[in-house]
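Visitor: Dropping a structure here in structure tokens format, bear with me for questions.
The values are calculated or read from the model by the stated rules, or taken from the named source; none is laboratory data. Just so you know, these numbers come straight off a predicted model, no measurement behind them. Cβ placement follows ideal geometry from the backbone for every residue including glycine, while neighbour counts extend to all protein chains displayed. Remember, those area values only see protein heavy atoms, side chains included, never the ligands or the DNA or RNA. Shrake-Rupley method; radii C 1.70, N 1.55, O 1.52, S 1.80 Å.
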Amino acid sequence: MNALLEVANLEKSYHKKDVIHKISFTIYQGEILCFLGPNGAGKSTTINIISGALGFDGGEIKFKGQSIDQNVTQFKEKLGIVPQNLALYEDLTAEQNVHFFASLYGLKGQTLKNGIDFALRSVGLTGHRKDKVNTFSGGMKRRLNIACAIAHQPELLIMDEPTVGIDPQSRNHILASIRQMQQEGMTVLYTTHYMEEVEEISTRIIIMDHGKIIAEGSKESLKEVSGEKNIVITLETSENLHTDCFYEIEGITDVKTLDQQLMISTIQGVENLDKIISSLLQQQQKICNIEIQSNNLETIFLDLTGRSLRD
Ligand SMILES: Nc1ncnc2c1ncn2[C@@H]1O[C@H](COP(=O)(O)OP(=O)(O)O)[C@@H](O)[C@H]1O
Ligand SMILES: [Mg+2]
């Protein structure tokens, strides 16, 4: 994996209050890196620093191995920034908005025209190109906000909570277009406090809280970190079920029954499903269904911080 952007020991304080505490991370070419963290974690501050909108107090940022201090203008052309707050001209059409932002990146003539077409197509607004923004729904505005950031075909697309407060259909549309752009070669840094989105699009995750990185990895590897998984077995009936024997099986920490369901908590990585099943068969139980629930990002966050993502 090639590093596209490397951040080392980044520090930022506001009025002497540290909000980013020496964080280090790398964005690799071709990935969708999701920054997951609750409000106030420092996601926007980090993004605003990378995009050059905000200064920083310590650390270093490198783009393709070059420190960005030496090369700010060239670096900025490679980025597409979708800000947390909409930045659109309500009285202009969709096309005119994209035109405006693409021109700021120096696009002209046919390249500009192609860029506008590409951007509007990517977010599914081609049919509304001549419509004024003040006629758009919240979801359409969010999509146009993204179009304005991609007409110049950036190498790194940075998105700050681009789906807050929109309808599920627009959200699905946005997530699908992000995946599409990644498949066409764009690298994406995506911040959100919605773990469902991270589950859906991330190729790698950084969990942030209080200005620090508290965990990093793929969905699968983060889920492995957290200690337990639940096995839920649906039986024809749990009337004559004896549960004591399950505690003799290695890895099992808790056993509960509810109606026809047998719920077993077990330590991750201990292979004991065969023993559980043979114990049930010995008791002549009829198994109707088996479901294995591994941890989700919400429970991982809870494990790491003692707080819910939505606090
Ligand atoms: N302009 C500012 N002045 C003072 N404090 C700020 C400013 N912007 C952000 N903060 C503080 O920095 C911390 C991180 O904020 P932010 O980066 O916006 O978090 P997130 O985007 O994850 O919600 C918060 O405690 C917030 O109150
Ligand atoms: Mg924010």
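Visitor: Only one of His128, His21 is open to solvent by 20 Å² or more (accessible area, probe 1.4 Å), within 16 Å of ligand 1 (Cβ to nearest atom) and either under 21 Å from Ile207 (Cα atoms) or touching a residue at least 12 places away in the same chain (Cβ under 8 Å) (or both). Can you tell me which?
Guide: Numbers: His128 fails: within 16 Å of ligand 1 (Cβ to nearest atom).
Criteria check complete, one pass: His21.
Visitor: Now, a different point. Quick check on region 1-31: of everything there that is within 16 Å of the chain's Cα centre (by Cα) and not in a loop (DSSP other than H, G, I, E, B), which residue is nearest to Ile300 (Cα to Cα)?
Guide: Phe25
Yes/no per residue for (1) within 16 Å of ligand 1 (Cβ to nearest atom); (2) in contact with a helix residue (DSSP H, G or I) (Cβ under 9 Å, 6 or more places away or on another chain):
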{"residue": "Glu31", "(1), (2)": "no, yes"}
{"residue": "Leu36", "(1), (2)": "yes, yes"}
{"residue": "Gly52", "(1), (2)": "yes, yes"}
{"residue": "Phe63", "(1), (2)": "no, yes"}
{"residue": "Glu77", "(1), (2)": "no, no"}
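Visitor: Yes or no: region 170-180 includes at least one residue that is of a type in the set (A, V, I, L, M, F, W, C), open to solvent by 10 Å² or more (accessible area, probe 1.4 Å) and within 23 Å of Thr46 (Cβ to Cβ). Even if it seems obvious, please write down each step before you answer.
Guide: So in region 170-180, the residues of a type in the set (A, V, I, L, M, F, W, C) come out as 174-176, 178.
Next cut, open to solvent by 10 Å² or more (accessible area, probe 1.4 Å) only: 176.
Applying the additional criterion that residues be within 23 Å of Thr46 (Cβ to Cβ) yields none.
No, region 170-180 contains no residue that is of a type in the set (A, V, I, L, M, F, W, C), open to solvent by 10 Å² or more (accessible area, probe 1.4 Å) and within 23 Å of Thr46 (Cβ to Cβ).
Visitor: How do the strands (runs of 3 or more DSSP E) wholly within region 234-311 filter down when requiring 2 or more residues that are over 27 Å from Glu196 (Cβ atoms) and open to solvent by less than 60 Å² (accessible area, probe 1.4 Å): which remain?
Guide: 252-258
Visitor: Open to solvent by less than 30 Å² (accessible area, probe 1.4 Å) and touching a Ser or Thr at 6+ places or on another chain (Cβ under 8 Å): is that true of Met186 in this structure?
Guide: No, not satisfied.
Visitor: Among the residues of region 223-230, is there at least one that is away from ligand 2 (no atom under 16 Å from the Cβ), more than 16 Å from Val82 (Cβ to Cβ), part of a strand (DSSP E or B) and among the basic types (Lys, Arg)?
Guide: If we filter region 223-230 for residues that are away from ligand 2 (no atom under 16 Å from the Cβ), which is where we start, we get 223-230.
Keeping just the survivors that are more than 16 Å from Val82 (Cβ to Cβ) gives 223-230.
Those still in the list that are part of a strand (DSSP E or B) too: 228-230.
Still in the running and among the basic types (Lys, Arg): 229.
Checked against the condition, which is being away from ligand 2 (no atom under 16 Å from the Cβ), more than 16 Å from Val82 (Cβ to Cβ), part of a strand (DSSP E or B) and among the basic types (Lys, Arg), region 223-230 yields at least one hit.
Visitor: Does any residue of region 157-166 turn out to be open to solvent by 40 Å² or more (accessible area, probe 1.4 Å) and within 16 Å of ligand 2 (Cβ to nearest atom)?
Guide: Among the residues of region 157-166, at least one is open to solvent by 40 Å² or more (accessible area, probe 1.4 Å) and within 16 Å of ligand 2 (Cβ to nearest atom), which makes the answer yes.
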